[in-house]
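S.K.: Right, I'll just put the structure down here and ask away after.
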Amino acid sequence: MNTEISELLRWVLVETSHPGNVGSAARALKTMGFSDLRLINPKVKGIATNPDAIALASGAGDVLEKSIESDSLSSTVEGCTLVLGLTSRDREFGPPAIDWESARSLIGDTVQEGRKVALLFGPERTGLDNDHLALCTHRVWLDANPDYPSLNLAQALMVCAYGLRETLVRNAGGCNSLANREEMADFADPAAVAAMLDHWREGLEAIGYLDPANPKKLMPRIQALFARSRLHKEEIDLLRGIAKQMLLRK
């Protein structure tokens, strides 16, 4: 698999509790040819240097050493055209849901255009919460036993890494799924969408449409609407211009 292609993929573990899972994740990534591991607010600080993580990495110590620990998920996914949140739980609001097969195809198309992709995996006990998913372009589920869809964190990451390697190797071999498609649009990254939504919240409060003391579900509904729309960068500018005008009426 092309190294440049693999470097367009960020594997993001959010609030991981067990150092061993970080080590196992590093091993899975290296085995499948990936290396960009991001750690967001792990329960154990410096989790990549923990002896249990190092032991379970089993030869993938270089992936652990290069991993980036951060307290900001939004900055980690900034610049990524596609941000996929892996979760088996249904949500009332949030980004559109797609299955893993569809996600693989979408990732393949995106990286062939030289655009960055992030895959998010949540805490072992609770999975990704709504705030995490607010920064995702899609919610993705793995096709598993409906009576017991729960996978260990490292197992889930390994399943995804294996399947994605298969897709990327196939595409690199000449099966280019973009051959007869229009070039992908210049989508806004989720961090830019989140900032625009904050701007809109302020604007809606300014014109009295949103009561901050009793917001109900207005902002989650608006967020879900924009998530389905896959906004372009110029559309973000347009929407922020509208929010600016709302604030001027305050």
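S.K.: Modelled label-to-label distance, Tyr209 and Ile222, 7 Å Cα→beta-carbon offset: nm?
M.R.: 0.6 nm
S.K.: A further question follows. Quick one: accessible surface of Glu4, probe radius 1.4 Å, all protein chains present, in square angstrom to the nearest 10.
M.R.: Counting only protein heavy atoms, the figure is 140 Å².
S.K.: Right, here's the next one. Within the accessible area of the chain, what % is carbon and sulfur when the probe is 1.4 Å and the other protein chains stay in place?
M.R.: 48 percent
S.K.: How much net charge surrounds Val140 when only other residues with a Cβ under 14 Å from its Cβ are counted (Lys, Arg +1; Asp, Glu -1)?
M.R.: Surrounding charge for Val140 is 0.
S.K.: By how many degrees, 0 to 90 and rounded to 10, does the Cα axis of helix 100-112 deviate from the longest principal axis of the chain?
M.R.: Result, in degrees: 90.
S.K.: In Å², and per residue, what accessible area does the chain have when probed at 1.4 Å with the other protein chains present?
M.R.: Per residue, the chain has an accessible area of 51 Å².
S.K.: If you rank Glu78, Glu235 by how much accessible surface each has, with a 1.4 Å probe, what is the order from largest down?
M.R.: In descending accessible area the options line up as Glu78, Glu235.
S.K.: Report relative contact order for the chain in percent, whole number only (criteria: Cα-Cα under 8 Å, sequence separation at least 6).
M.R.: So the answer I get is 22 percent.
S.K.: While we're on this one: Between 0 and 90 degrees, rounded to the nearest ten: what's the tilt of helix 190-206 against the longest Cα principal axis of the chain?
M.R.: On a 0 to 90 degree scale, this one is about 20.
S.K.: Against the 2.2 N^0.38 Å scaling, with N counting residues, where does the chain land? I'd like the Cα-based Rg ratio to two decimal places.
M.R.: Computed over Cα atoms of the chain, the ratio equals 1.06.
S.K.: Right, another one. Work out the charge dipole of the chain with +1 on the Cβ of Lys and Arg and -1 on the Cβ of Asp and Glu about the Cα centre, then indicate which of Ile98, Ser88, Ala194 is farthest towards its positive end.
M.R.: About the Cα centre, the residue reaching furthest to the positive side is Ala194.
S.K.: For segment 1-77, what does the alpha-carbon gyration tensor say about shape, rounded, prolate or oblate, given a ≥ b ≥ c as the root eigenvalues, a/c under 1.5 as rounded, and a/b over b/c as prolate?
M.R.: It is oblate, given that a/c is not under 1.5 and a/b is not larger than b/c.
S.K.: What is the local net charge at Ile107, summed over the other residues whose Cβ is closer than 12 Å to its Cβ (Lys, Arg +1; Asp, Glu -1)?
M.R.: Cβ neighbours under 12 Å give a net charge of +1.
S.K.: May I ask you to compute the full-extension gain from Ala195 to Asp147, defined as 0.36 nm times their residue separation minus their alpha-carbon distance, rounded to one decimal in nm?
M.R.: 13.5 nm
S.K.: Let me ask something else about it. At 222 nm, what value in deg cm²/dmol follows for the chain if DSSP H runs of at least 4 each add -39500 (n - 2.57) and the sum is divided by all its residues, to the nearest 500?
M.R.: -14000 deg cm²/dmol
S.K.: Let me ask something else. Full-extension gain between His232 and Arg249, please, as 0.36 nm times their residue separation minus the C-alpha to C-alpha distance.
M.R.: Working it through step by step, the gained length comes to 3.5 nm.
S.K.: Which entries in Lys45/Lys244; Lys216/Lys244; Lys217/Lys244 show an alpha-carbon gap greater than 32 Å?
M.R.: Among Lys45/Lys244; Lys216/Lys244; Lys217/Lys244, the Cα-Cα distance tops 32 Å for Lys45/Lys244.
S.K.: Any idea what angle helix 233-248 forms with the longest principal axis of the chain, computed on alpha-carbon atoms, 0 to 90 degrees, nearest 10?
M.R.: Taking the Cα atoms of the chain, the angle to 233-248 is about 40 degrees.
The values are calculated or read from the model by the stated rules, or taken from the named source; none is laboratory data. What you see is a predicted model, and the numbers here were worked out from it, not measured in a lab. Here the Cβ is made from the backbone with ideal geometry for all residues, glycine too, and neighbour counts use every protein chain on show. The accessibility values were calculated without ligands, DNA or RNA, using every heavy atom of the protein model including side chains. Shrake-Rupley method; radii C 1.70, N 1.55, O 1.52, S 1.80 Å.
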